[in-house]
1. Return the sequence-ordered ³J(HN,Hα) values of segment 140-156 in whole Hz as given by the Karplus equation 6.51 cos²θ - 1.76 cosθ + 1.60 applied to θ = phi - 60°, using x for Gly and Pro.
2. What pairs in LYS142/LYS167; LYS89/LYS142; LYS73/LYS102; LYS249/LYS333 have C-alpha atoms more than 21 Å from each other?
3. Looking at the square roots a ≥ b ≥ c of the eigenvalues of the Cα gyration tensor of segment 144-343, which shape do they give, rounded for a/c under 1.5, prolate if a/b is larger than b/c, or oblate?
4. Within 10 Å of each candidate Cβ there may be at most 10 other Cβ atoms; applying that plus a DSSP loop requirement, which trypsin sites (Lys or Arg not before Pro) in segment 105-176 survive?
5. Could you list which residues have their amide H under 5 Å from that of SER204, counting only those 5 or more apart in sequence or on another chain, with H placed in the peptide plane?
6. Residue by residue through segment 266-272, which ³J(HN,Hα) values in whole Hz follow from phi under the Karplus form 6.51 cos²θ - 1.76 cosθ + 1.60 (θ = phi - 60°), with glycine and proline marked x?
7. List the residues, sorted by chain then number, that are 5 or more residues from GLY285 or on another chain and whose placed amide H is less than 5 Å from its amide H.
Amino acid sequence: MHSKLVRLLQRLRDTRSGNVFHAASITKPHKVVGFRFVISFLLAFLLCIAAPTYAAPTAEPARAKPAKPLTFKEALSAELEILRNPMVKMILDRGGSIGDGKLLEVIDQAQQAGKAGELPDVVIARLEVWRKERAIEEAYRKAPWVHGPARVAIKGPVYLQVPKGFKYLAPEAVELLPHGYKTLSSRALVSNDDDTFAAFVMVSEPGHFTPGQLALNADSILHRIQDKFTNPLRNATGFMDIQHGIVAKPEWIDPPHFDNERHVVSWSYTEPRPTSPRMFAVRLGKTWAAEFQVISPGDSDTETPIMRAQKVAAAIEFSPGEDYDDADTRTPKAAMSMIDVIGGQEFKFIPYIAPQPSTWETIKSPLLRVAPLLLLIIALILQAMRSQKKE
């Protein structure tokens, strides 16, 4: 796109320069028409009459020559040049892409044909990772997706009306996906048809969230989320994210919001370590709830990522009598509020109180210090008593 734009601007610049140059070339002082001018005009007129009436054939535009296929040596040399960049390892560790797929494809074909010889260790390691990624992509494409519009049962009374342009993968099929997806048991997967948006779906029965439990205080929730990263007592690993000497804290992208008509709670925030934001949408039922955890926000000109998550969450349906408005006073309530669900339980500081020693621990040390003297005194007393008995 950039090169096309440059060429377009070049053409426009050349066109304007040509026009200006041509205009400058004809704005000369006029001279008095003389004999030579009349003769030149008559000769030009005769030549125009005598010239053929057909136009000369225009030259065909030059066609771009097809690019030569990349050789193994060229691909290997280019791949080594990429891997020498010190920033590449950091990009790959963060889940980024370095655009070396075509190079690795050529190297892989050469190795499969036995023409690659002995490859450098860094290329072998990168090739193995690329093969696993390609296997995952292939398995992802061939998975038994249910394309919308369609109604699928997820768990219990929870169903998903898959919207048009989206697709659904059942938890048992997600478990069969290779590599990183293997540990994601009991999670369904929802994606759009162009695979730019994806979210895991988890269904649970937390109980009914009353209006009081759905009162959301964005500042209070954000403080709890930030506390997980900055409080070493709260953080199990004692890790604090520091960027340029400043402790990095999560911030809201979309503060928590409860849609009272669709009964959808949604929120998203930045997180220092992951490469993408944390984004959630929860569809509430009578006692059941379906949570969507967005793993790929995607791009769209018509809706934001959180709007797309809300749209999919709103497509959740419940069996008759299991919707949010079907709750009554006898419906079991949720054990915690939505603030606790989003931000986690509030961390309460408990002052350290040293354990009080027992009575024996209190007298043990001084008793041990005077024990030899006490034994000596007892021995002397016993000796004196024996002497009196003998007399």
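1. Karplus values, whole Hz, x for Gly and Pro: 5, 5, 8, 5, x, 6, 9, 8, x, x, 7, 10, 10, 8, 9, 6, x.
2. LYS89/LYS142; LYS249/LYS333
3. Details: a/c = 1.75, a/b = 1.21, b/c = 1.45.
Since a/c reaches 1.5 but b/c is at least a/b, the shape of segment 144-343 is classed as oblate.
4. Numbers: sites: LYS115, ARG126, ARG131, LYS132, ARG134, ARG141, LYS142, ARG151, LYS155, LYS164, LYS167; in loops: LYS115, LYS164.
Filter output for segment 105-176: LYS115, LYS164.
5. ALA289, GLU291
6. Taking θ as phi minus 60°, the curve returns 9, 6, 7, 8, 6, 9, x Hz for segment 266-272.
7. ALA290
Bear in mind these aren't lab numbers, they're just calculated from the coordinates by the rules spelled out. Source: prediction; values computed, not measured. When we count neighbours, we look across all protein chains shown, and the Cβ atoms used for this are built from the backbone with ideal geometry, even at glycine.
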